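To start, the structure itself, in structure tokens.
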Amino acid sequence: MAASGKKVPMNFKSMAQTDVPQGRNGKHKEIVTKILSDLDQVEPGIALKVPLAELTESKENVRSALNRATHKRGQAVATASDEEFLYVWNEPAE
């Protein structure tokens, strides 16, 4: 409340906390989930070839989202790219 006792108008809408979406389901979740699933299934020394044409976001944004997800899992992966593909592979355990 303001010092004069008048109620100050809200700047933002409000909602019940129980209705707030939980977790980070960003726009990269689908592609990152697919990449992680495939990484869990490939043998060591095998890289995934993700076509850049299938990415809805830039490869840099997908790499960042993948980096966040793999760090959260404690999984070491590496990436590379060329004009057509984003390559992703599991790093060997140290």
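Values in this text are rule-based calculations from the coordinates and carry no lab data. These numbers come from a predicted model, not from an experiment. Quick reminder, even Gly has a Cβ in these numbers, built from the backbone with ideal geometry, and neighbours come from all protein chains shown.
Shown for the chain: lysine pairs separated by 8 or more places, or found on different chains, whose C-alpha atoms are under 20 Å apart, numbering 10. Relative to the longest principal axis of the Cα atoms of the chain, the long axis of helix 29-39 makes an angle of roughly 30 degrees. With each label modelled as a point 7 angstrom along the Cα→C-beta vector, the Ala78-Phe12 pair spans 4.2 nm.
Grab the Cα-Cα distance for Lys27 and Ser64, subtract it from 0.36 nm times how many residues apart they are, and report the gain in nm with one decimal. Before the final figure, lay out each step's value.
Details: separation 37, 0.36 × 37 = 13.32 nm, distance 1.21 nm.
Extra length available between Lys27 and Ser64 comes to 12.1 nm.
Size of the dipole of the chain about the Cα centre, Lys and Arg at +1 and Asp and Glu at -1 on the beta carbon, nothing else charged, in debye to 20?
Taking the Cα centre of the chain as origin, the dipole is about 980 debye.
Amide H to amide H distances under 5 Å link Ala76 with Glu91, where only residues 5 or more positions off or on other chains count and H is placed in the peptide plane.
For the chain, the alpha carbon positions stretch 69, 30, 21 Å along the principal axes, listed from largest to smallest.
Taking Cα atoms only, the orientation of helix 59-73 departs from the longest principal axis of the chain by about 90 degrees. Considering only trypsin sites (Lys or Arg not before Pro) in DSSP loops that have at most 13 other Cβ atoms within 10 Å, the longest stretch of the chain without any of them is 28-94.
So between Tyr87 and Glu43, what do we pick up on full extension, going 0.36 nm a residue minus the alpha carbon distance? Don't jump to the answer; show the numbers that get you there.
Details: separation 44, 0.36 × 44 = 15.84 nm, distance 1.47 nm.
Gain in length upon complete extension: 14.4 nm.
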